[in-house]
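What follows draws every value from the coordinates through simple rules; no lab data is involved. The model shown is predicted, which means the values in this text are computed figures rather than measured ones. Cβ: placed from backbone, ideal geometry, glycine included. Neighbour counts: every protein chain shown.
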């Protein structure tokens, strides 16, 4: 530590001007970073974490202004460097990786050339040499057949491949500091795991200093040594990774950890503890402690005295007046945690009469002739979206439907709802036959089968008031009079814990979590028996996800509704679902109760998915499967096992030639694989997650 | 003139601001932020007032000429500020009365083309497929002809006069409006609130009118203000060609056309009606730019917490979509 730090940020404050209003985006941020360290920055939207990255890169827009502070990089103040100096630094000593690789790559230049440009402009090497080095970099980021990929254009590469190219560009000049702004947020779980593994490996190899920005605590556990938690433009806690996870010293961090479903693992159906309230608007911040309005531990002085960043333990800083109360509380909750044993005895009984029965439903999309070959992404062929999917859902049951994007999850949901007409198959709902087309379904069916969509901004009409949104389905399907429908809508609002005054508001006047609660209320408007939830929490901030998940459970236990819960987040599924269905390329590769699927034996794809989930636990073991699988090429000849191209456990030519059998590995637990049941992978290392706290 | 100036930052309005200062303050802020649009609005309102109060303002009867040689083609003077024409009629009065036919006809036909265009766009964008294909190919065919040529063809069927002018303007503009509005319908039709409406059993017309149309009002306002400018222009052009408003009714296009033979001897006969056309068209176009900006700023006002991370380029906004 006697060395001068690589990066030294002192008292940095940044604000944005909007007309006459000045919005403080960052207030009084100080931290240092030694060479080779990795700092994780955690915060929800509006916490100022991206602003910090832009301030370091000096990319603040014309309305952004550094009010005070210094950013010393190698002892030189970046805020006072000339534009010319900054240009020389950026891309050479400082690099940045953005959330959206599509936005960072130039769509009209081949990938290899974009990397080569870094060498020609910063290292002044010749074009041939630069191209050779570019291919070398692609190889470094584990891209299969790099010289072929170097000739591809960005749109021809998958999202994960694009992000690895961006990382290759950032690493090309071996910069001293790389800023990663949510580099995996837009990616699939497995792709995310692959990118994280890659970053971990490269960090060790190049000894690069990293600042990793994320909204999700779990993502950074494998990469970072230290973590800084941002809230409403302030750094509220800063410590080593382990200290932060095991003994958070700020109520906000504590809250973030509490609302993660799989914390500690095994707590079946423990209600999540959401953080009450909503993120404050930066233009009207609380005067003293910014977290006070949502804080469980707040006391009278919290609204008066502005807390300073205070050292709680060695190297563990918190911006809270009452962090000592948190320590006491921690000891108490540990005592109670041990007492409550997981009650997994609610395993679903085999109901004699399933609510929903899907038999051999298939859907094929015709590849449009215009640009079918030219514009198709490498490693994707989506003609068979669903092939003969069969599943049953009992009344009041929750089935979790998991799989990567492109696995057909959403198509299956749309086919069940009738929004997309399936090509083949038969469905029954209750005692009735369920026609494939929406237009042929009666009002009774419509009433009992509803959906909650992923993004409430898209699923609520921005020009309708909440009243219209709720009353309309009640009147249309419930055959109620105007006044009764009004009353029913009011009851619904109360049921989703929203105030009646919201009736007159427009969706834009609600926060993301409130909007999603309105969308849930709408789905429940008509004594619904089955609600299909398509990633209902993935668009929400971490602190409000828990509220929505709790609400879904509460409504289920009140009305006995069944859920088909689509999610890529396996922790959420483990938390909510009775049974899990794993979908890969339109095939159900595994199905079983939640316990069966999470403890194995598993299909290799399920194993890959489970090992890819970032756990909010620094000590969880990692199986390095994702990167290997990701780098394998996908075979698309349509023969044999659908997963053969990416399988890390293939047993031989039989995988290429014969479609695998559906093997029964336990009561109600089936796996689509050639591997004998006894040899199927068991998630032993996952089953015994060390209990945190 | 018809394009939004790309460098001009959209005028930002926050809901909190509006709530605090009320509607009057909001418009005052808009006026301050958009001086050109305010000038345009001033021009348009001035012309509308002139048209309404024409009989009170006009110093002479616009139709009453003179057969005395010394009254013809008089240069502007105190008695005749805009001079007189070759029939000895007062040009100021004719310009004042000329605003009536232009504004009324252009206004009504613009409204009618907006309605027809919106209907075509909704049907085409919502149903898609073959319906969309057929409607849009017809629109393409109509748009392939130059506007004035198409209008002339239609006028040839209806004969010159107000009905012909109205019909031709509507037929010329409907496909243009439909094209623009359809492109706004397409992304909306994919939104999940449409799926939600289908799931509760709404029928097509209800979805189009209740769910889609309210979201199109902004586009329609912008499109309407643009089309109004073009309609004024088209009607004046047709008047100039002699197939529009028929003499002796005062019409700016007709006045310019009649005066062209005398342009070198008595330029005021051309200048003043031409000036009238251009001030009105410029005014309408400035207003239409302003409407566009206003819609942009209203759209960006999502919730009352303006995200400070939004205005920075080269990065995606923070969406927690892991």
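Applying 1/(1 + (r/R0)^6) with R0 = 60 Å to the Cβ-Cβ distance of residue A:206 and residue B:241, what FRET efficiency is obtained, to the nearest 0.05?
Plugging the Cβ-Cβ distance into 1/(1 + (r/R0)^6) gives 0.20.
Within 10 Å of each Cβ in A:103-111, how many Cβ atoms from other chains are there, averaged over the peptide?
Mean inter-chain Cβ contacts per residue within 10 Å come to 1.
Against the longest principal axis of chain B, how steep is helix B:268-300, in degrees 0 to 90 to the nearest 10, with axes from Cα atoms?
Between helix and principal axis, roughly 10 degrees.
What ranking of A:427, A:161 emerges when the number of other C-beta atoms within 10 Å of each C-beta is taken as an exposure proxy, fewest first?
A:427, A:161
Per DSSP helix of 4 or more residues, -39500 (n - 2.57); summed, then divided by the residues of chain A. What does that give at 222 nm, rounded to the nearest 500?
-9500 deg cm²/dmol
Say R0 is 56 Å: what FRET efficiency, to the nearest 0.05, do residue A:501 and residue A:90 get from their beta-carbon distance?
According to the calculation, E is roughly 0.70.
Dividing the Cα radius of gyration by the Kirkwood radius, what Rg/Rh value follows for the protein assembly as shown?
Checking Rg against Rh, the ratio lands at 1.03.
Could you state the angle between the C-alpha long axis of helix B:162-189 and the longest principal axis of the C-alpha atoms of chain B, as a value from 0 to 90 degrees rounded to the nearest 10?
Roughly 20 degrees, rounded to the nearest 10.
For chain A, what's the relative contact order in percent, using C-alpha pairs closer than 8 Å and at least 6 residues apart?
13 percent
Enter the mean projected area of the convex hull around the alpha-carbon atoms of region A:143-190, in nm², rounded to one decimal.
Averaged projected hull area, Cα only: 4.1 nm².
When the Cα centres of region A:91-168 and region B:87-104 are compared, how far apart do they sit, in Å?
68 Å
Out of all DSSP beta bridges in region A:7-224, what portion is antiparallel? Express it as a percent rounded to 5.
55 percent
For the pair residue B:298 and residue B:60, how long in nm is the line joining their label points, each one 7 Å along Cα→Cβ?
So the label points at residue B:298 and residue B:60 sit 4.5 nm apart.
Region A:436-457 to region A:553-579: how many Å between their Cα centroids?
18 Å
Can you tell me the orientation of helix B:217-240 relative to chain B, as the angle in degrees between its alpha-carbon axis and the longest Cα principal axis, to the nearest 10?
20 degrees
Using alpha carbon centroids, what distance separates region B:190-226 and region B:57-74, in Å?
Value for the Cα centre distance between the two parts: 54 Å.
If the chain between residue A:550 and residue A:390 were fully stretched, how many nm would it gain, using 0.36 nm times the residue separation less the Cα-Cα distance?
Between residue A:550 and residue A:390, full extension yields 54.7 nm more.
If every alpha-carbon in region A:1-60 counts as one equal scatterer, what log10 I(q)/I(0) does Debye give at q = 0.26 1/Å?
The Cα Debye sum returns log10 ratios of -1.22.
What spacing in nm lies between the two simple spin-label points modelled at residue A:301 and residue B:27, each 7 Å away from Cα in the Cβ direction?
In this crude spin-label approximation the distance works out to 5.3 nm.
For the pair residue A:559 and residue A:657, what calculated FRET efficiency results from E = 1/(1 + (r/R0)^6), where r is the Cβ-Cβ distance and R0 = 45 Å, to the nearest 0.05?
0.40
Percent relative contact order of chain B, based on C-alpha pairs within less than 8 angstrom and at least six residues apart?
27 percent.
Nearest-5 percent of antiparallel DSSP beta bridges in the protein assembly as shown?
If I count the DSSP bridges inside the protein assembly as shown, around 60 percent turn out antiparallel.
Starting from the Cα of residue A:174, step 7 Å along the direction of its Cβ; do the same at residue A:22; then give the gap between the two resulting points in nm.
With each label point 7 Å from Cα toward Cβ, the separation is 4.4 nm.
Counting only other chains, what is the mean number of Cβ atoms within 10 angstrom of the Cβ of each residue in peptide A:448-457?
3
If you restrict to DSSP beta bridges whose two residues both lie in region A:356-581, what percentage is antiparallel, to the nearest 5?
Bridges in region A:356-581 are about 45 percent antiparallel.
When A:313, B:85 are ordered from fewest to most other Cβ atoms inside 10 Å of their Cβ, what list results?
A:313, B:85
Among A:415, A:320, which comes first, then next, by fewest other beta-carbon atoms within 10 Å?
Fewest-to-most ranking of A:415, A:320: A:415, A:320.
Per residue of A:56-64, how many C-beta atoms from partner chains lie within 10 Å of its own C-beta, taken as a mean?
Other-chain Cβ atoms within 10 Å of each residue's Cβ, averaged: 3.
If I take all pairs of Cα atoms in region A:7-224, what percentage of them are more than 23 Å from each other?
For region A:7-224, the fraction of Cα-Cα distances above 23 Å is 47 percent.
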